[in-house]
Each structure stands twice: as structure tokens, then as C-alpha cells.
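Asks: This structure is in C-alpha cells; I'll ask about it shortly.
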């Protein structure tokens, strides 16, 4: 199979779909790999390394798409890439279709077959291709949240850390999946009082058995419990995820009026439309905005801040699926693996995933 890897074009996005090591593995199995010129240069994966791994370097994104049977990316295509898509092309990447309904419909209209990392499943019900980026985003959420609490960043001017004789600062984490759990760990490591809010009592009970009850509260999600928690918080991290669907808005606009000015809210769910009603997508160049004197951080490609780590982590989980798709052919691979087939979101101008279909109406 001819597999193409274009350079990512989102703001400050230096990740790449395949590492040189992954390319070498695929070439040894008889596949042709096309890498756009300088696609990995920003993270130290130079064209020379790809050539040594057996890849061919292609000057333009258009030529990569035109010559490939399958495109392996990291982020969803943006409108300037839509003209490169076609019905006999398979796109394997994060799609996050529910997060931007208007552009999703234009992408679907290209007819491209889109297999989304974020809806591929595992036998235990987990999301193996979403998990590594969620892990990174959850850890980064605490880091960027703490940084934007600094006064010159319009935050409260407080530090979440271990200081003798000073009361711990308060961090609320809404949504205790993979990302949320990582945020909890980072907050606990920094001596915060942590409020964990989730809609599943079973999940809260499981977390309590793991983390205990010292400096941490487990709160069943209701409007009132969320309001009470965020009112007392310095940092609020939202990491709510529903497979294939737009994230529910768990923090409403009117809730901000009773929060302390300078509180920081980090919306990890922004790729899926955001879980705060006041959220809107931001970039690494301009990551925050103020709403009701509350600092909002809503960067849509958070793991792009650590692109080398993120690329390596992503390749560890995607490579086996890429090999199956290439070795067996797209349709046979999908037929033989129901978990991979759960990743199929769009094909021939139609939505094939029930959650995405519901989200986009």
C-alpha cells in the first residue's frame, strides 16, 4: 500500500503521523511511504532519517495526497486540505467531527473514508488511540492551568504547591476519565485540595479506593455540586468525553458570575466542542481569553505543546492498526476487527458512526 504522511498545518502543530522507526517497520513489510518535505523537522525527525528508513520525500502536501492510498495524520484536516481528499482515499487520524459541525459536513462531502483514532475501541471498552494523548493533555492541563494562575497572566496570583503553614489551593477536576485522572494525580502531587466531579458513582468509588480521602473529595455531578465546587476553586479542569459526540456543557455561562476573578478554567474537551458553555477554540499562540474575569484556556491541540513526546506515544499505539490496514487492505481489516471498525466515522459522503451521526444531526 502507498501510505502518505503530510506535514501538519494547524497552529503550532509539530507532531507527525509516522516516526522514522515506524516507517522502517512498514517498508520492511512491503509498503511505500511518502513523507512531505520537512514534515518532521521541528521535532528532530529529518528528511535524511526518513530516507534512511526507506521513505520517499515529496515536496508538496497536494502530491502526497494525490499519490497515496492511505493518509496517516495526527490532526483533522482543515478546509485548505479538503481539496486533496477524495472517495478512494482513506484518512487515518484524529477527526473530532462533533467539535466543529460546519466543517465536519464539508469534510464528509469530500467522500473520503475517515477512520478516527478517537473512536477506535479495545475489548475492555477503553479508547487505546485516544488514551496517550488524553494522558498528556491531562498532565498539561494542570501545568498550563498553574502557569496561567500567575498574576501577569491575569490569574489570581496564587501558586499551587507545597508551602508550610499555608492552606492548600483548590483544584476541581470535572470528568474523571484518562485525562481527568492524570490531572488529579498532578494536583495531588502539588499539595492541592482536589475536588473530583463525575456523573458515575462507580467511577468515583473506584478513584477513592485508588487515591484515598486525604485532601481529595469525590462529588457526584449535578448543577449544584459543580457550582459549589468551582466557586471554591483556583483551577477548574474540564475533561468530559462522550464517544463520538459533542461534549456536554457542564459549566454554564451563568455559573461564572459567582466564581472568584482570576480563576483559571482549562477545557481539555475543546476538541469535542468544549465542556464549558463559554469555551471557544484557542491556539498555542494565543491560548487564553477572559470571560467574566475568568481565565479560559481552550487550546484545541494541547499535546502539540510536547510534539516529540506526543508523536512517540501516538506511534506506539497506532502502528499495529496501520500495519493491519496496509497488510490486509482497508475493508478486510475493518471487517476482521470490530474495534478498528468502530473508528470508521465517514465513507462515501455518509456518516457511519452512530455517535457522530447523532452529534451532527
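The values are calculated or read from the model by the stated rules, or taken from the named source; none is laboratory data. Everything numeric in this text was worked out from a predicted model, so none of it was measured. With ideal geometry, Cβ positions are generated from the backbone for all residues, glycine too; neighbour counts draw on all protein chains shown.
Asks: Give me the residue from segment 155-210 that is touching a strand residue (DSSP E or B) at 6+ places or on another chain (Cβ under 6 Å) and either modelled with pLDDT under 95 or part of a loop (DSSP other than H, G, I, E, B) (or both) and, out of that set, surrounded by the most Cβ atoms within 10 Å (Cβ to Cβ).
Replies: 192
Asks: A follow-up question, please. Right, residue 97: at pLDDT below 95 and touching a helix residue (DSSP H, G or I) at 6+ places or on another chain (Cβ under 6 Å) or not?
Replies: Spelling it out, residue 97 is indeed at pLDDT below 95 and touching a helix residue (DSSP H, G or I) at 6+ places or on another chain (Cβ under 6 Å).
Asks: Against the condition touching a helix residue (DSSP H, G or I) at 6+ places or on another chain (Cβ under 8 Å), surrounded by 20 or more Cβ atoms within 10 Å (Cβ to Cβ) and assigned to a strand (DSSP E or B), how does residue 144 come out, does it pass?
Replies: Answer is no for this residue.
Asks: Evaluate the following for residue 293: is it more than 18 Å from residue 137 (Cα to Cα), touching a residue at least 24 places away in the same chain (Cβ under 8 Å) and buried (at least 23 other Cβ atoms within 10 Å of the Cβ)?
Replies: Details: more than 18 Å from residue 137 (Cα to Cα): yes; touching a residue at least 24 places away in the same chain (Cβ under 8 Å): yes; buried (at least 23 other Cβ atoms within 10 Å of the Cβ): no.
Against the criterion (more than 18 Å from residue 137 (Cα to Cα), touching a residue at least 24 places away in the same chain (Cβ under 8 Å) and buried (at least 23 other Cβ atoms within 10 Å of the Cβ)), residue 293 does not qualify.
Asks: Could I ask something else about it? Looking at segment 288-303, which of its residues are over 17 Å from residue 182 (Cβ atoms) and either part of a strand (DSSP E or B) or modelled with pLDDT of 95 or more (or both)?
Replies: Once the filter is applied, which keeps residues that are over 17 Å from residue 182 (Cβ atoms) and either part of a strand (DSSP E or B) or modelled with pLDDT of 95 or more (or both), segment 288-303 yields 288, 289, 290, 291, 292, 293, 294, 295, 296, 298.
Asks: Residues that are closer than 18 Å to residue 160 by Cβ and in a helix (DSSP H, G or I): does segment 234-251 have at least one?
Replies: Looking through segment 234-251, none of the residues is closer than 18 Å to residue 160 by Cβ and in a helix (DSSP H, G or I).
Asks: In addition: For a quick check of your reading: which strands (runs of 3 or more DSSP E) sit entirely within segment 1-98 and have at least 3 residues that are free of Cβ contacts under 8 Å to residues at least 40 places away in the same chain?
Replies: Counting at least 3 such residues, we get 32-36.
Asks: Hey, another quick one. Would segment 68-78 turn up any residue that is in the same structural domain as residue 320 (by TED's automatic domain parsing), exposed (fewer than 14 other Cβ atoms within 10 Å of the Cβ) and out of contact with any strand residue (DSSP E or B) (no Cβ under 7 Å at 6 or more places or on another chain)?
Replies: Looking for residues that are in the same structural domain as residue 320 (by TED's automatic domain parsing), exposed (fewer than 14 other Cβ atoms within 10 Å of the Cβ) and out of contact with any strand residue (DSSP E or B) (no Cβ under 7 Å at 6 or more places or on another chain), one finds none in segment 68-78, hence no.
Asks: Which of the residues that make up segment 252-263 are assigned to a loop (DSSP other than H, G, I, E, B) and within 25 Å of residue 160 (Cα to Cα)?
Replies: Initially, segment 252-263 is screened for residues assigned to a loop (DSSP other than H, G, I, E, B), giving 252, 259-263.
Those that are assigned to a loop (DSSP other than H, G, I, E, B) and within 25 Å of residue 160 (Cα to Cα): 259, 260, 261, 262, 263.
Asks: Could we say that residue 60 is in contact with a strand residue (DSSP E or B) (Cβ under 8 Å, 6 or more places away or on another chain) and either surrounded by fewer than 14 Cβ atoms within 10 Å (Cβ to Cβ) or at pLDDT below 95 (or both) here? Show your work before the answer.
Replies: Working: in contact with a strand residue (DSSP E or B) (Cβ under 8 Å, 6 or more places away or on another chain): yes; either surrounded by fewer than 14 Cβ atoms within 10 Å (Cβ to Cβ) or at pLDDT below 95 (or both): yes.
The answer is yes for residue 60.
Asks: Given 331, 302, which one is farther than 23 Å from residue 14 by Cα and out of contact with any strand residue (DSSP E or B) (no Cβ under 7 Å at 6 or more places or on another chain)?
Replies: Unique residue meeting the criteria: 331.
Asks: Condition check: surrounded by 14 or more Cβ atoms within 10 Å (Cβ to Cβ) and under 25 Å from the mean Cα position of the chain (by Cα). Does residue 42 satisfy that?
Replies: yes
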